[in-house]
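The values are calculated or read from the model by the stated rules, or taken from the named source; none is laboratory data. The model shown is predicted, which means the values in this text are computed figures rather than measured ones. Cβ coordinates were reconstructed from backbone atoms using ideal geometry, including for glycine residues, and neighbour counts include every protein chain displayed.
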Amino acid sequence: MRCSPVGPTNAKLMIIGEAPGSEEERAGKPFVGSSGQELTRMLTEAGLNRNEIYLTNVFLDRPPGNKFQDEWCRGKKEVSQQYKEILPSLQAACPEVAWPSTYTWNLIAQGKYLLPEYLPELFRLKGEIEQVSPNLIVPMGGTPTWAVLGVGGIGKLRGVITESSLVPGIKVLPTWHPAYIQRVWDQRLIAITDLMKAKQECEFPEIRRPERFVTINPTIKDMIDYEPRIRGARVLAFDTETAHRQITCISFAPNSERAIVIPFVDKSKSGYNYWATPAEEVQAWKIVTRWLDLPMPKLAQNGLYDLQYLWRVHGIPIRNFLEDTMLLHHSIYIELKKDLGFLGSVYTDEASWKLMRQRSSDVVEKKDD
């Protein structure tokens with residue numbers, strides 16, 4: 001039996017799963033099996049009422065044997081040819097969607113591309129979203145996240161508010177599917193945390209980001225002019241980025257609204273040197289050293305990484321390094337992840353790191369977990 005969505009058509013919150021299981025197929029409703037019962041418990045713990053939520057799936061039919069990736073996905077070669085054949089009909093059926101000319105966007109998982117014959121299900125889902133017009137969508141799992149955001153990899157996207165690519169203007173907050181929670185129980189607390197955020201976010205339709213003022217590509221004069229802000233900081237946050245065993249830039253934040261980024265490597269310039277002369281670079285490092293020697297407490301994420309680079313490479317000590325967000329979080333929630341992306345998803349309203357920056361071919365040392 002084809003599974004029908006349930007819930008009020010004016011719901012503030014929409015939850016999307018992948019496809020019905022055997023119990024959902026028999027009942028003709030989503031989230032009624034054991035994972036649906038777990039979803040109800042999780043919603044209750046997060047302060048949400050299931051009866052006020054619109055529940056649906058990306059696919060309303062059950063994949064044979066519940067093996068979605070095996071049955072409805074294929075490798076590059078097969079999908080590439082089918083996509084070329086079906087693309088004209090996709091463009092005709094949904095002209096407002098900017099369909100890519102190649103198949104690569106419909107990558108569900110590593111080496112698994114959705115067969116183009118199932119792409120019309122996105123039209124149906126798009127229509128549902130437009131009809132309900134929720135303030136927030138919570139896609140549960142990798143496939144629903146791909147369906148509404150156009151990218152896979154839920155591990156880098158969960159817990160973060162992002163605008164839907166399927167229906168622009170609609171907020172999306174991905175999290176784990178309850179079936180996954182039942183297999184990996186230590187992720188349950190994270191999913192409930194995401195649902196608690198969803199409870200707040202579904203009360204308004206717009207994406208609200210914190211306001212930031214970041215000074216980039218400064219001159220020496222800019223750094224000197226910025227120094228009063230640094231000296232006035234109650235706690236001074238700092239962070240380094242490294243590649244090829246050298247510091248490429250260092251940033252300072254005197255408060256939660258402002259920061260300055262000081263580069264030392266610029267690939268667009270001859271020799272990759274950001275500073276025009278050796279004398280300028282020496283002066284920039286002297287200012288950095290002066291700021292790090294100020295008496296106020298210093299704060300970093302996994303700061304031991306930054307400390308060893310600053311000391312070993314440049315001989316710069318850090319005075320009064322007192323606060324470390326990674327260690328503090330880990331000391332309170334030892335069972336949870338502690339990398340910067342995870343902390344950002346839990347403690348901030350920033351956008352996803354994965355969607356903000358493109359993958360670089362450079363070797364960049366990992367420092368945040």
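Figures for the structure shown
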quantity: Scan of the range 259-278 for residues that are surrounded by fewer than 16 Cβ atoms within 10 Å (Cβ to Cβ) and either outside any loop (DSSP other than H, G, I, E, B) or in contact with a strand residue (DSSP E or B) (Cβ under 9 Å, 6 or more places away or on another chain) (or both), ordered by number; calculated: Asp266, Ser270, Gly271, Tyr272, Asn273, Pro278
quantity: Conditions (1) without any contact (Cβ under 8 Å) to a residue 60 or more places away in the chain; (2) buried (at least 17 other Cβ atoms within 10 Å of the Cβ); number of the one not met by Gln200; calculated: (2)
quantity: Residues of the range 129-151 classified as surrounded by fewer than 20 Cβ atoms within 10 Å (Cβ to Cβ) and not aliphatic (A, V, I, L, M), total; calculated: 5
quantity: Leu55 modelled with pLDDT under 85 and assigned by TED's automatic domain parsing to the domain that holds Pro174; calculated: no
quantity: Flag if Tyr83 is in the same structural domain as Gly28 (by TED's automatic domain parsing), at pLDDT 80 or above and not in a helix (DSSP H, G or I); calculated: no
quantity: Single condition Pro88 does not satisfy, out of (1) at pLDDT 80 or above; (2) under 17 Å from the mean Cα position of the chain (by Cα); (3) not in a loop (DSSP other than H, G, I, E, B); calculated: (2)
quantity: Qualifying residue in the range 33-41 (condition: aliphatic (A, V, I, L, M), outside any helix (DSSP H, G or I) and in the same structural domain as Tyr113 (by TED's automatic domain parsing)); calculated: no
quantity: Qualifying residue in the range 69-89 (condition: of a type in the set (S, T, N, Q), surrounded by 13 or more Cβ atoms within 10 Å (Cβ to Cβ) and either farther than 28 Å from Trp185 by Cβ or touching a Phe, Trp or Tyr at 6+ places or on another chain (Cβ under 8 Å) (or both)); calculated: yes
quantity: Residue match in the range 8-19 (condition: in a helix (DSSP H, G or I), touching a residue at least 40 places away in the same chain (Cβ under 8 Å) and surrounded by fewer than 20 Cβ atoms within 10 Å (Cβ to Cβ)); calculated: no
quantity: Residue among Leu119, Leu107, Leu136, Leu115 that alone is over 30 Å from Glu52 (Cα atoms) and modelled with pLDDT of 80 or more; calculated: Leu115
quantity: Some residue of the range 294-303 being assigned by TED's automatic domain parsing to the domain that holds Glu323, exposed (fewer than 13 other Cβ atoms within 10 Å of the Cβ), farther than 27 Å from Glu211 by Cα and touching a residue at least 24 places away in the same chain (Cβ under 8 Å); calculated: yes
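Rundown of residues vs (1) more than 21 Å from Ile154 (Cβ to Cβ); (2) not β-branched (Val, Ile, Thr), yes/no style:
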| residue | (1), (2) |
| --- | --- |
| Gly28 | yes, yes |
| Glu38 | no, yes |
| Ile53 | no, no |
| Phe68 | no, yes |
| Trp72 | no, yes |
| Lys77 | yes, yes |
| Gln82 | yes, yes |
| Ile86 | yes, no |
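Yes/no matrix, rows are residues, columns are (1) more than 31 Å from the chain's Cα centre (by Cα); (2) modelled with pLDDT of 95 or more; (3) in a helix (DSSP H, G or I); (4) under 21 Å from Arg229 (Cα atoms):
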residue	(1), (2), (3), (4)
Glu281	yes, yes, yes, no
Thr289	yes, yes, yes, yes
Leu294	yes, yes, no, yes
Tyr305	no, no, yes, no
Trp311	yes, no, yes, no
Arg319	yes, yes, no, yes
